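Report on one structure; see the data block that follows.
Read the figures in this text as sums done on the coordinates, not as results from a lab. Not measured: the values here are computed from a predicted model. Here the Cβ positions follow ideal geometry from the backbone for every residue, glycine too, while neighbour counts run over all protein chains shown.
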Amino acid sequence: MKYFARSALSLGLFTVFSTSSFASGLVLADNEFRNDLAWLSDRGTLSLSLSTWPLSEEEIKRALANAHPTTSAERVVLGRVNQRLSALKADVRVTGYSSTDKPGTPQGFAQSYPADQSLSLALNNSGEWWDLHLQGNVEGDKRISNGSSVNANGAYGAVKLWNQWLAFGQIPQWWGPGYEGSLIRSDAARPMTGFLLQRAEQRAPETSWLSWIGPWQYQLSASQMNQYAAVPHTKIFGGRLTFSPLTSLELGASRVMQWGGEGRPSSFSSFWDGLTGNDNTGDSADDPGNQLAGFDFKLKLAPTLGWPVSIYGQMIGEDEAGYLPSAHLYLGGVEGHHQWNSNAVNWYLEAHDTRSNMGRTNYIYNHFIYKDGYYQQGYPLGDAMGGDGVYMPVRWSW
């Protein structure tokens with residue numbers, strides 16, 4: 001069993017040059033950006049879902065256009081959000097960092113660096129129906145080895161069709177309300193190469209019999225794992241759905257399937273068996289794959305009690321029983337977004353347990369066919385600490 005305590009991390013150096021404004025497309029995970037958006041959203045200044053990344057720039061713009069700041073601090077944070085969005089989607093963006101120490105704890109949202117030193121050049125161009133993000137990275141002293149000091153992690157191209165963004169590239173994903181991890185899809189590992197589909201604007205359905213679900217988003221992805229020795233060329237298929245029936249409540253459901261690969265069944269019938277839950281046969285010859293699925297929620301107290309505090313949780317099952325997730329792992333947390341004089345203050349307390357049902361070990365993120373588990377290049381695609389861990393981080397910032 002692994003117990004972790006939060007400790008000081010590394011020193012970084014970042015340099016950004018931006019040259020022009022932005023148009024539309026995807027917005028990749030960024031910790032500072034999310035913290036400011038969460039501060040505004042959980043206080044009720046704007047309405048925006050932050051549990052499925054990448055975000056849609058159209059939805060961010062819509063939320064910002066409808067924001068209603070009431071204090072000078074809220075106006076300052078709104079200005080900072082607009083500046084950060086402009087920098088993230090700039091025509092030319094150069095970033096770099098150098099770490100003086102290797103972190104001894106799992107790294108949270110958009111904070112998992114695959115090398116001790118990195119220099120990145122990103123070129124962006126987007127319009128009403130396209131978004132092109134070309135990115136090249138040069139790395140030194142790699143923490144996650146991928147066979148080369150040069151890579152295209154973060155690069156993608158996307159087109160918009162009827163309010164749906166269809167993208168292909170190496171796109172980091174994050175599913176869930178947690179800050180220090182997601183039990184099912186995080187950015188702890190390098191991004192896989194594949195396709196991604198999601199909505200641009202996330203308005204509620206207009207039909208009277210569906211309008212109750214409120215603003216909603218989905219994300220579908222199909223990718224191939226890199227350097228997966230146990231079963232080369234293994235595929236990862238995933239789907240996530242979120243909706244907000246109340247201004248104070250967001251609900252989410254996620255599912256991933258590890259499928260196919262060298263020497264494995266790759267027919268449509270095998271895929272259909274996995275999709276419909278006809279798996280866990282115990283026969284390595286025809287078992288369709290390895291799956292995880294579960295649910296999450298976030299409850300904001302500001303709309304009802306006026307407190308800028310939210311409660312959230314995530315439950316994922318490693319197995320299935322009666323068409324529902326079983327062999328559970330858990331994440332829960334409480335977060336606050338306050339104003340101290342003219343400063344924005346964020347804090348959260350989180351608890352993770354990646355043992356099966358809070359006790360059984362050597363089970364979560366493991367599989368009898370995909371023997372390298374739910375890991376890529378040794379790093380988890382789910383919670384950053386991997387299976388068999390208990391982790392209780394606390395963090396605050398201002």
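Here the label points at Glu32 and Leu305, each 7 Å from Cα along the C-beta direction, are separated by 3.3 nm in the simple model.
Each Lys and Arg Cβ is given +1 and each Asp and Glu Cβ -1; about its Cα centre, region 165-300 then shows a dipole of about 420 debye. Estimated at 0.36 nm per residue, the fully extended path between Asp141 and Lys102 surpasses their Cα-Cα distance by 13.0 nm.
Within region 162-213, none of the trypsin sites (Lys or Arg not before Pro) combine a DSSP coil assignment with at most 10 other C-beta atoms in a 10 angstrom radius. Taking Cα atoms only, the orientation of helix 31-42 departs from the longest principal axis of the chain by about 70 degrees.
Note: relative contact order over the chain, using C-alpha pairs below 8 Å and six or more positions apart, is 15 percent. The packing ranking, built from the mean of other Cβ atoms within 10 Å per residue, places the peptides 32-39, 354-361 in the order 32-39, 354-361, highest first. Measure nothing but the geometry: give the 0 to 90° angle between the long axis through the Cα atoms of 72-88 and the longest principal axis through the Cα atoms of the chain, rounded to 10°. Around 50 degrees separate the two axes.
Counting 0.36 nm for each residue step from Leu123 to Ala253 and taking away their Cα separation leaves a gain of 43.4 nm. When the alpha carbon gyration tensor of region 221-283 is reduced to an equivalent ellipsoid, the three semi-axes, largest first, read 29, 15, 9 Å.
Each part gets one Cα centre, and for region 308-344 versus region 119-149 those centres are 31 Å apart. For the set Lys235/Lys300; Lys89/Lys300; Lys298/Lys371; Lys61/Lys298; Lys61/Lys300, the pairs lying more than 31 angstrom apart at their alpha carbons are Lys235/Lys300; Lys298/Lys371.
Rounded to the nearest 20 debye, the dipole size of region 26-397 about its Cα centre is 700 debye, using +1 on the Cβ of Lys and Arg and -1 on the Cβ of Asp and Glu.
Over the chain, the ratio between the Cα radius of gyration and 2.2 N^0.38 Å evaluates to 0.96. What's the FRET efficiency of Leu210 with Arg75 using the Cβ-Cβ distance as r and R₀ = 25 Å, to the nearest 0.05? Taking R0 as 25 Å, the efficiency between Leu210 and Arg75 is 0.10. Farthest toward the positive end of the dipole of the chain, out of Leu349, Gly239, Gly252, is the Cα of Leu349, where the dipole comes from beta carbon charges about the Cα centre. Each helix, a run of at least 4 DSSP H residues, gives -39500 (n - 2.57); summed and divided by the residues of the chain, these come to -3500 deg cm²/dmol at 222 nm.
Suppose R0 equals 41 Å. What FRET efficiency, 1/(1 + (r/R0)^6) with r the Cβ-Cβ distance, do Trp398 and Ala230 give to the nearest 0.05? Plugging the Cβ-Cβ distance into 1/(1 + (r/R0)^6) gives 0.35.
With the simple spin-label model, which puts each label point 7 Å out from Cα in the Cβ direction, the Leu134 to Asn341 separation comes to 4.7 nm. Between Ala152 and Leu197, the FRET efficiency estimated from the beta carbon spacing at R0 = 25 angstrom works out to 0.75.
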